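Asker: Quick one: the structure is below, questions incoming.
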Amino acid sequence: MSIEYHEEDVPHVLAVDDNLIDRKLVEKLLKTSSCRVTTAENGLRALEYLGLKENQQQNHFNGKGTKVNMIITDYCMPGMTGYELLQKIKESSVLKDVPVVIMSSENIPNRINECLEKGAERFMLKPLKLSDVLKLRHQLIKCSTL
Amino acid sequence: MERNQMHRQIANTRKLMFDQGYLDEQFIQLEELQDGSNPNFVEEVVTLYYRDSARFLSNLDQALEKRPLDFSKLDNLMHQFKGSSTSIGAKKVKTECTHFRNYCNARNAEGCKRTFQNVKKEYTTLRKKLEAYFQMSRQVGPVETAYASSVVVCTIRYDTIHSLHLNIIHSNLPLRRCAARSH
């Protein structure tokens, strides 16, 4: 599934990972692939940023007023797993069409199937390679100029 | 002449870390992300890794003092540290982390404690090597560092080109970055 965006030339990606090194890496990989990046260190912060936290008003745009074109999240996180975050995003009428990519250092077929069945666009094994991220950016995010 | 020797030394130091299995392909991924806008990216990430690791290793030390051992907690902590180590290409450290997690799963306390000593030993060894490598690179200067990390030598004599080429293939340096200038 691809998302078309109009406001900016550069896709905006929200990257969620509790590991500091991985967060820095995925940010760099995405920036090198010409994406604007916002990072979050856990699921709760991600939901806050997306305006999906309980008791937050559901806006068309998130609290910051900037649209997110893709969400890439680690699976194993304390508190809320990447799967649970995916669930919350898919339950949202506003954000259910935003492609969500799950990353994991562990290759567990059940986990992969579970995520894909819940609507994850892709499941990627860590550590991510630049070639993977470039491919992802190219395939998932189409640039449309009006 | 001294500068060339320094380049050679840096390149050899780097190559040795790969040949001896301390670093793997993931480290090269980091190097490929380093560019003009972020000329010290690799060192920055590695420095973050030291900081992060200090925390993980300290937590693991404490968790290993508890009686009885909480294997689930130990495994969680090591999963994190293994993740960071994998992300910077710390090959031997990663291997020891895997051994540790296997002992956790087997609920083998002695195995865990023993492997943890190996984890710390490999981490310390790698850290020393990386610190020396980055220090050498810094001494040579920022412009040359870009070469030093990806090219064997800046100036090459034709009669040594054949053996140099073999070196490049063996150490898996990205060929497109290789440059040869004649005197």
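The values are calculated or read from the model by the stated rules, or taken from the named source; none is laboratory data. Since the model is a prediction, treat every value here as computed from it, not as a measurement. Note: ideal-geometry Cβ built from the backbone for every residue, glycine included; neighbour counts use all protein chains shown. The protein model used for the area step is the full one, side chains on, heavy atoms only, and it has no ligands, DNA or RNA in it. Shrake-Rupley method; radii C 1.70, N 1.55, O 1.52, S 1.80 Å.
Asker: Within the range B:39-48, is there a residue that is open to solvent by 10 Å² or more (accessible area, probe 1.4 Å), touching a strand residue (DSSP E or B) at 6+ places or on another chain (Cβ under 9 Å) and assigned to a helix (DSSP H, G or I)?
Answerer: yes
Asker: Within the range A:13-45, can you find the residues that are within 21 Å of B:Glu43 (Cβ to Cβ), among the hydroxyl-bearing types (Ser, Thr, Tyr) and within 13 Å of chain B (Cβ to nearest Cβ)?
Answerer: Scanning the range A:13-45 gives a single hit, A:Thr32.
Asker: Right, next: Quick one: which helices (runs of 4 or more DSSP H) lie wholly within the range B:63-158 and hold at least 2 residues that are open to solvent by 10 Å² or more (accessible area, probe 1.4 Å) and modelled with pLDDT of 95 or more?
Answerer: Ranges flagged: B:71-88, B:91-105, B:109-140.
Asker: Right, next: What single numbered condition from (1) loosely packed, with under 14 Cβ neighbours inside 10 Å; (2) over 17 Å from A:Lys126 (Cα atoms) fails to hold for B:Glu25?
Answerer: Here B:Glu25 meets the rest and fails (2).
Asker: Still on this structure, please answer the following. Among the residues of the range A:65-75, is there at least one that is assigned to a loop (DSSP other than H, G, I, E, B), surrounded by 19 or more Cβ atoms within 10 Å (Cβ to Cβ) and modelled with pLDDT of 95 or more?
Answerer: Yes: one or more hits.
Asker: For the range A:88-123, name all the residues that are without any contact (Cβ under 8 Å) to a residue 40 or more places away in the chain, surrounded by 17 or more Cβ atoms within 10 Å (Cβ to Cβ) and not in a strand (DSSP E or B).
Answerer: Correct list: A:Ile89, A:Ser105, A:Arg111, A:Ile112, A:Ala120.
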